[in-house]
Amino acid sequence: MFANRTNWNLAPNRLSEALAVHRAAGKPLLDLTVSNPTECGFHYDGPAILESLSNPAALVYEPNPKGLESARRAVSGYYAARRDDVSVEDILLTTSTSEAYSYVFRTLCNPGDELLIPQPGYPLLDFLADIQDVRLVRYPLVYFEGDPKAANDHGWRIDFRSLEQAITPRTRGVVVVHPNNPAGNFAKAPEMAKLNDICSAREIAIIADEVFLDFSLEENPRASFATNAGALTFTMSGLSKICGLPQMKAAWLVVGGPAQWKREALARLEVIADTFLSINAPVQLAIPVLLEQRHAFQKQLMSRVRRNLTELDRQLAGQNVCTRLAVEGGWYAIVRVPATRPDEDLAMDLLSKKGLYLHPGHFYDFPSDGYLIVSLITKEAIFSQAITELLESLT
């Protein structure tokens, strides 16, 4: 009756079942997994957002496979503010980065073809690949314990030897999450250059997920793949993270690289986009206003991220059992804990005994136990209390 590609194990995992029971019982919960910015107490300019969605021009249907030009110009302006020159003609609008991924997967891959993805990484990619009949192959990110003050000797790095060994005749591209979720590392300039060398030599693509690009702990903006010319490159982002507006369902895909490959990719993508015409007119017309909301939102969010990170480090300094891995950007931090039992067992125990909900590392494909992921956008009072409970349980 049903396709093999959707033959997933849909049974909830033990931790999800325990959380449902905990909530149904009405027990207090300290949630360190929050990811929905609209539920985190940030202030939004509600009148401006709602007014932007009431544009009378939305009463006219103007089907454009790439999206309305006014919206694409606003996206181009977003990159221009970062000092990146991205042409309106190289931008396609989608309803989400998930849809952007699906467009790229369909453009590049025949059934059974392969894409390389980072490990650790966000689990959504597995479902997206299954739906598109694509096989995912992991390449590891390696964590170095060098001097924290030495940028080239500390933190996460791409294991290029393993990446190159993972490439087969069926490989069609390399996915780079920039910065990684949850590791929080950006691709450095030498890594970007190395990826260009590898991909251009083998005629495979770079697929860059930049939804967290603006959330760097450094003051200066990080380099985007959107202007990358060394290899065929698909760069995606959207309002969900940049503006904290996941409910608006608006994202985009930027195509770059050598002219011949870019031209062919854009032509194929335009047919796919024209087939679905998925993004609605009111949201497209609102994008210029919605993108402007990013400034106030990002200021609030990064202020909270920095304060929560400072609080985490303060509490970690008072013990010697748990440590924090280096983070360069994004909304999460990784706490290294004693690997005395499986991470899921630890998370279950913390939930049942402390009412503390965290994601274990294996949810993000960590290759070993001893890691818990904490959300840095959690409200500060809750975050502080939750970290206190966590460390008291482990020390």
Choice from 289, 211, 327 with maximal GNM fluctuation in the chain (Cα, 10 Å cutoff): 289
Protein accessible area in the chain, 1.4 Å probe - carbon and sulfur %: 52 percent
Among 154, 34, 362 the positive-end extreme of the charge dipole of the chain (Cβ point charges): 34
Separation of the residue 36 and residue 303 label points, Cα + 7 Å toward Cβ, nm: 2.4 nm
Extension reserve of the residue 154-residue 53 stretch, reckoned as 0.36 nm per residue once the Cα distance is removed: 31.8 nm
Sites excluded, chymotrypsin sites (Phe, Trp or Tyr not before Pro) in DSSP loops with at most 13 other C-beta within 10 Å, longest stretch of the chain: 62-395
Degrees between helix 14-24 axis and first principal axis of the chain (Cα, 0 to 90, nearest 10): 80 degrees
Alpha-carbon centroids, the stretch 277-338 and the stretch 152-191: separation in whole Å: 21 Å
Cα-based shape type of the stretch 51-154, given that a ≥ b ≥ c are square roots of the gyration tensor eigenvalues and the cut on a/c is 1.5: oblate
Rg/Rg_ref, the stretch 1-59, where Rg_ref = 2.2 N^0.38 Å and atoms are Cα: 1.94
With Cα atoms, 0 to 90° folded angle of helix 281-292 axis to the chain main axis: 60 degrees
Dipole axis of the stretch 4-138 (+1 Lys, Arg; -1 Asp, Glu on Cβ), positive-most option in 10, 56, 76: 10
Leading residue at positive end of dipole, the chain (Cβ point charges), from 291, 129, 275: 291
Ordering of 93-100, 172-179, 66-73, 31-38 by burial proxy (mean other Cβ atoms within 10 Å per residue, highest first): 172-179, 93-100, 66-73, 31-38
Within-14-Å neighbourhood charge of residue 124 [Cβ basis; K, R +1; D, E -1]: -4
Helix-only CD estimate at 222 nm, as mean residue ellipticity for the chain, using -39500 (n - 2.57) per DSSP H run (n ≥ 4): -12500 deg cm²/dmol
The stretch 201-246 and the stretch 1-45: distance between their alpha carbon centers, rounded to Å: 27 Å
Probe 1.4 Å, accessible area per residue of the stretch 129-198, Å²: 45 Å²
Global form of the stretch 145-269, assessed from the alpha-carbon gyration tensor, a/c cut-off 1.5: oblate
In Hz, Karplus ³J(HN,Hα) per residue of the stretch 340-355 (6.51, -1.76, 1.60; θ = phi - 60°; x = Gly, Pro): 8, 7, x, 4, 5, 4, 5, 4, 4, 5, 5, 5, 6, 9, 10, x
Linear extension gain, residue 379 paired with residue 9, 0.36 nm per residue minus alpha-carbon span: 129.8 nm
Cα-centred dipole magnitude for the chain, charges only on beta-carbon of K, R (+1) and D, E (-1), debye, nearest 20: 160 debye
Angle between the chain longest axis and helix 69-81 axis [Cα atoms, degrees, rounded to 10]: 50 degrees
Derived scalar couplings ³J(HN,Hα) [the stretch 165-176; Karplus, 6.51 cos²θ - 1.76 cosθ + 1.60; whole Hz; x for Gly, Pro]: 5, 7, 6, 10, x, 9, 6, 10, x, 10, 8, 10
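The values are calculated or read from the model by the stated rules, or taken from the named source; none is laboratory data. What you see is a predicted model; the values in this text were computed from it and never measured. Here the Cβ is made from the backbone with ideal geometry for all residues, glycine too, and neighbour counts use every protein chain on show. To get the accessible areas, we keep the full protein, side chains included, count just its heavy atoms, and leave off ligands, DNA and RNA. Shrake-Rupley method; radii C 1.70, N 1.55, O 1.52, S 1.80 Å.
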